[in-house]
Each structure stands twice: as C-alpha cells, then as structure tokens.
1. Semi-axes, largest first, in whole Å: what does sqrt of 5 times each Cα gyration tensor eigenvalue give for the range 1-127?
2. First measure r as the distance between the Cβ atoms of Val81 and Lys48, then evaluate 1/(1 + (r/R0)^6) with R0 = 22 Å and state the FRET efficiency to the nearest 0.05.
3. Only counting other Cβ atoms within 10 Å, I'd like His340, His280 sorted with the fewest neighbours first.
4. Can you list the HN-Hα couplings for the range 65-75, worked out from phi with the Karplus curve (6.51, -1.76, 1.60; θ = phi - 60°), rounded to whole Hz and with x for Gly and Pro?
5. For Asn352 and Ala185 in the same chain, what is the full-extension length gain: residue separation times 0.36 nm, less their Cα-Cα distance, in nm?
6. From the phi angles alone, apply the Karplus equation (6.51, -1.76, 1.60; θ = phi - 60°) to the range 217-227 and give each ³J(HN,Hα) in whole Hz, x where the residue is Gly or Pro.
7. In a Debye calculation with equal point scatterers on the alpha-carbon sites of the range 59-174 and no solvent, what is log10 I(q)/I(0) at q = 0.15, 0.20 Å⁻¹?
8. To make sure I understand, if each residue's beta carbon is the centre and we count other beta carbons within 10 Å, what order do Ile355, Ile282 fall in, fewest to most?
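Readers should treat all values here as calculations from the given coordinates under stated rules, not as data from a laboratory. Treat the numbers as computed from the prediction; the structure is a model and nothing was measured. In this analysis, Cβ positions are derived from the backbone assuming ideal geometry, glycine residues included, and neighbour counts consider all displayed protein chains.
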Amino acid sequence: MSNPPETSRPRTFGLPWPELNDGLFYNDVVRPSDSELTLIEFYSSKYKNSAPPLGWMQRIENGQITVDGIAVTDPNTILRVGSEIVYHRLPWREPDAPYLLEVLYEDDDMVALNKPSGLQVLPGGLFQQRTVLTQLQWRASKQSSSVACQEPHPVPVHRLGRGTSGILLCAKTKLAKTRLALFFADGTSQIEGNRNTNEEICGVRKISKMYRALVTGILDEDKVMIKQPIGMVRYPGVAKGLYVASSSGKPALSKVDVLERGMQGNTTLVQVEIQSGRPHQIRIHLSFIGHPLLAGDPLYVSGGQPKCFDPEFIDESFATDGGYQRPIKPVPGDCGYCLHAHQLVLSHPTTNQVIKITAPLPPVLRTQKEAEVNTSN
C-alpha cells in the first residue's frame, strides 16, 4: 500500500466567489410534439418544477426568453417546429459557501480533495457557481495557460453531501474517470446482485470508503450491519424526490463500528464503511436504527424518514426571479450534521497500485485518545 507522495503544487487552492454568478441559459429546440403550443404552455408544462405558471409568465414578460434569437414578451406566442428557444436565468447571489480546497493527493490521473462542509460538489438549485467543480475548472484553466498543451478539466467521480466534509476523489483524464466511476459502482452492483441479505458480499473491491460520524444516543452493540433498502418519495422543494428508508427501495449496506461512547453527552462516535453508494445513505441508515447524526440532522429523523411533511403540498408562491421560494422545510443540502469522509483505499486507475488517502479529522469527530495525540503534537 502506498501513501500519497509529496507534491510541489500548492496544498490548498481556491478563488473567492464573485458577488453574483453569471446566470444560466437553458436551450430547447421545439419538437413536432410541442408545435402549436404557446410559449407559456411550453414552459409551464415542461418545466413546472422550476416555477409555477405565474412565475413563467413573469419571466416571459421580463424578456428573459428568446425565440430564434429574438426576445418574446407575449406568453401566447405560438411555437413552430425547429425553433430554438432560450430561457435566461438572471445572475443572482448564491448562498455563502467556503472556497478553499486542500489537496490530499494528486498525480497525472486524479486528485483527492478535502472538501469543507458547506460546499456543494456539482451545480444544483441555488448553487450553480459556488461548487467544487467550478474551483477545479478555474484551477485547470490557470494551469493550462502556463503550459503549451491544454490540461483536461478534472471532474468529481462521486458526490458528497453539501454538509459532509472530507475526501472527494476527482479524475483528470477520461480513462481515469471511466475506471474510477466503475470502482465506485462496483460495490453497489454487488449489493444489487445479492438480494439475500443474510449473505456477506464476496469479491475484491477496487475502492473502499470509511466515514466518521457522531450520532445521538448510545449504540449498545460494538458492530452493526445495516441492510435497509433506500427508495424515494415526493417531497416539496426536491424536484426528483427525496431518498428515504423504504422496503421497496434499492438494496444498500452500511457497516458501523463504535469507536467511542459519550455517556455524558448521550452520543456515540462511529466509523461507517459503505458498500453501496445510495444518496444520503449514511444519514438514512443511522437515522433508521434510531441514531440520527449530531448536531441534529436537519432532515432525517429516527426511522430513516424526513421530518413531518405533506407530500401533496406545493407552495405556489414565487421569488423575484419567478422561481419557487426556497422551501421552508429542510432539504437534503442543508448542513448541521457531523459526517466526514475520513479514509479512502483504492487501486490506482492506471497502475493498480493500492493507495490509501486520509483526510484530517475535525475536532468533534476525534476520539479522546486522538484528541490528546493531536494536542501533544
């Protein structure tokens, strides 16, 4: 097993975020099935998760939509087959987010980052520019300007929740991206292929991920295997639906080891190894067994379900840009819990060398012994 080599490149990088982002442009070409629709009918039916009908009406009347390059403010304009229509989402100030990233490991094929809590990995929702991907692209652009050949833009090959800190692995070449994505998918496919939950998963995995988490309550057992399937339900403010513990969902497996019990604070520090990659899997699984993440997961409560909500309720009020208001109830990207991607062991995508990468632990996720060692150093 190889430890990450020293690198001559800066150990941290990142540029401060501009006050406003650049806005977004959404392009569509009118298909035969959409011909004869009015402009308002097209957008309010095709993109109803973006804004209510009155919000789309406002955007049209503001001149934010063009048809074949010409701004159209009449919502009843009839669309013709082959016309290009473009919606311009105006620039906005995204919520505050960290921007500095620490490099834990880097070579010609990949880079491993220590992602801070509060930073989103890929664009989505209100965060379109303030993401890890943007900082990676800015860094690659700066590097390529100093060399003769263009260096490919690195891209994350998996996700971490916005509130989750720790190791984020990114590929720097197409080959590395393909192979690393297969490594991450391998564990999930093994779980899916083994429906008998009483069997252990066999075979050598190319990648393993260890997380640290602080949960509410005292776990009685030293080791817990959680095999609860994860599915989706409708949820306000989450267009594609919310992942929850569901008997009809897809198989998922998490191995939990107790590291330290905090009897005074009624908390347990655990290490979690996930052998499948369902979204929010650790948050859902730990809450499913009655131990949600500290300092209070804003979304998931005991049972692996979201806090009380009405799945039929949709707030039709809209913000100044015509889109839906930010949901009052918690959504998956909200921060406030203690979860850290601590260790990653993988076979290198081109050399097959086994590499172990470790992200320093936040103080709240250290055992008492680890805290004492850190203080003495």
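1. Working: eigenvalues 369, 56, 30 Å².
Ellipsoid semi-axes (Å, largest first): 43, 17, 12.
2. On the way: r = 22 Å, r/R0 = 1.02.
After rounding, the FRET efficiency stands at 0.45.
3. On the way: His340 24, His280 20.
Going from sparsest to densest Cβ surroundings: His280, His340.
4. Whole-Hz 3J(HN,Hα) from phi for the range 65-75: 10, 10, 10, 6, x, 10, 5, 10, 10, 8, x.
5. Numbers: separation 167, 0.36 × 167 = 60.12 nm, distance 1.72 nm.
Residue separation times 0.36 nm, minus the Cα-Cα distance, leaves 58.4 nm.
6. Working through the residues one at a time gives x, 9, 6, 6, 8, 6, 10, 9, 9, 10, 10 Hz.
7. After summing over all Cα pairs, the log10 values are -0.77, -0.99.
8. Working: Ile355 20, Ile282 27.
Result, fewest neighbours first: Ile355, Ile282.
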